[in-house]
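Right, one structure below, let's go through it.
The values are calculated or read from the model by the stated rules, or taken from the named source; none is laboratory data. As the structure is a prediction and not an experimental result, all values here were calculated from the model. All Cβ positions, glycine included, derive from the backbone under ideal geometry; neighbour counts span all protein chains shown.
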Amino acid sequence: MTYFDKDMENLNHPAVIPVDERYGRFQFTEDELDDESSAYSVASSAHNFLVENGRRYHDYKNGHPFPYDEVSEENEIVLHEMCLLLLDNKYFLSPINESSLRCVADVGTGLGLWAEGMAEKYPDTQVVGIDTAPRPRAIYPNLSHIMFDATDEWVLDDPSMKFDLVHIRSLFVGVKDWDALYKQCFDNMNSGAWIEQMEVEIEALTDDEEILPNSQLRALCDFTREMSAAAGRDFQISSAMKKKVEEAGFVDVQEQRLKLPLGPWPTDPKLKDVGRFYERFYKTGLQGWLLQICTRNMGWTLDQVNDACIKAFQEINSRQQHFWYPL
Ligand SMILES: C[S@@+](CC[C@H](N)C(=O)[O-])C[C@H]1O[C@@H](n2cnc3c(N)ncnc32)[C@H](O)[C@@H]1O
């Protein structure tokens, strides 16, 4: 048989493509909506950015006090990997029957790493990433991203869509009105659905009391309380969220506290790696967490912020303490 005798592989595609009767209710991509006057057009200001002290911020609804740039992207990637490692590659801990997981929302999805992972893992589940900032294209057919403030009424393409799981991770400081957020989550969930939130508590703790006098890491934890008051943003939502979730009407609320070691000081190989990730997370995050609130609301200069960071990094690098932060 010569090359030309070979038949081309027949993919057996239908001559007429059958139309899915649900087509009219499918979600649109951001591109498709760009020129349309739709609910999404309210988010057009999400494409505005400002640069301040060398960091870029998005400006939708007066923006977010944390930067949105290459450094913050690295910070988010490290967070995602750290959480997967700590949770043994589990995307959630809620006792959900995976086969009944139809719709999942990721609130404050950021780069969308969790949402992407879920969409890949559960191809039959519709995953919706919600954020006030513009994000990369959704790369799975069952994944979509919507831009809006999750404390406002949720406007979904399919208004009948209700979620079986709402996931929130590292949204501290981003949200001003947590009660409004949890109410929106509640209103948009199925009965029997789960909400799961994971936040780092800004508290440097040790099991051995090896703490340097005038520890900068400890001082910065205390300082976040002043920052919360000055900016009207909550750095401590981790300790308030259980009560607030219950107040929103959720029942069977459970809390689990895990230890995030700062640095590779544990002997346990997994926790040693978690500690490496958390150190990287802290070092790529600290300037961004302090910068806008300290310079805008507390009268600091950029140099003062950078000095505070350097002092903290030197303390970590001295490898004398065994701090862990509750997650
Ligand atoms: C630190 S990132 C978290 C990323 C992601 N959840 C993760 O764990 O990888 C916080 C994200 O929350 C978003 N955000 C803050 N407030 C929000 C709100 N009210 N509604 C929707 N998204 C919000 C920010 O734009 C930012 O992308």
Study note, to complete from the structure: Taking the range 146-166 and the residues there that are closer than 22 Å to residue 79 by Cα and away from the ligand (no atom under 11 Å from the Cβ), the one that is surrounded by the most Cβ atoms within 10 Å (Cβ to Cβ) would be 166
Exercise for review: Consider only pairs whose beta carbons are under 6 Å apart and that are at least six residues apart or on different chains; among these, list those whose first residue lies in the range 167-184 and is surrounded by fewer than 20 Cβ atoms within 10 Å (Cβ to Cβ) and whose second residue is β-branched (Val, Ile, Thr) and in a loop (DSSP other than H, G, I, E, B).
Suggested key: 177/151; 180/151
Exercise for review: Just give me the residues in the range 181-220 being part of a strand (DSSP E or B) and touching a Phe, Trp or Tyr at 6+ places or on another chain (Cβ under 8 Å), in sequence order.
Suggested key: 189, 190, 193, 194, 195, 196, 205
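Just for the range 191-223: of the residues that are within 16 Å of the ligand (Cβ to nearest atom) and aliphatic (A, V, I, L, M), which one is surrounded by the fewest Cβ atoms within 10 Å (Cβ to Cβ)?
200
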Review point. Is there a residue being touching a strand residue (DSSP E or B) at 6+ places or on another chain (Cβ under 9 Å) and either surrounded by fewer than 18 Cβ atoms within 10 Å (Cβ to Cβ) or modelled with pLDDT of 95 or more (or both) anywhere in the range 305-321?
Key: no
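One line per residue, one yes/no per condition, for (1) of a type in the set (Asp, Glu); (2) touching a helix residue (DSSP H, G or I) at 6+ places or on another chain (Cβ under 7 Å); (3) within 21 Å of residue 156 (Cβ to Cβ); (4) away from the ligand (no atom under 12 Å from the Cβ):
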{"residue": "60", "(1), (2), (3), (4)": "no, yes, yes, no"}
{"residue": "63", "(1), (2), (3), (4)": "no, no, no, no"}
{"residue": "67", "(1), (2), (3), (4)": "no, yes, no, no"}
{"residue": "75", "(1), (2), (3), (4)": "no, yes, no, no"}
{"residue": "78", "(1), (2), (3), (4)": "no, yes, no, no"}
{"residue": "121", "(1), (2), (3), (4)": "no, no, no, yes"}
{"residue": "127", "(1), (2), (3), (4)": "no, yes, yes, yes"}
{"residue": "130", "(1), (2), (3), (4)": "no, no, yes, no"}
Check your understanding: What is the residue count in the range 102-111 for residues that are of a type outside the set (Asp, Glu) and near the ligand (Cβ under 8 Å from one of its atoms)?
Key -> 5
Study note, to complete from the structure: Pairing a residue in the range 36-65 that is assigned by TED's automatic domain parsing to the domain that holds residue 303 and more than 20 Å from residue 171 (Cα to Cα) with any residue that is among the β-branched types (Val, Ile, Thr) and modelled with pLDDT of 80 or more, where Cβ atoms lie under 6 Å and the two sit 6 or more apart in sequence or on different chains, gives 39/155
Exercise for review: Tell me which residues, restricted to the range 224-246, are surrounded by fewer than 17 Cβ atoms within 10 Å (Cβ to Cβ) and closer than 13 Å to residue 297 by Cβ.
Suggested key: 226, 229, 230, 232
Practice item. Scan the range 114-132 and report the pairs whose first residue is under 18 Å from residue 87 (Cβ atoms) and whose second residue is among the polar types (S, T, N, Q) and buried (at least 24 other Cβ atoms within 10 Å of the Cβ), with Cβ atoms within less than 7 Å and a gap of 6+ or a chain change. Key: 115/109
**Study point:** Condition check for residue 108: outside the structural domain of residue 286 (by TED's automatic domain parsing) and either under 19 Å from residue 147 (Cβ atoms) or buried (at least 21 other Cβ atoms within 10 Å of the Cβ) (or both)
**Key:** yes
Review point. Restricting the search to the range 136-145, which residues are surrounded by fewer than 19 Cβ atoms within 10 Å (Cβ to Cβ) and in contact with a strand residue (DSSP E or B) (Cβ under 6 Å, 6 or more places away or on another chain)?
Key: 142
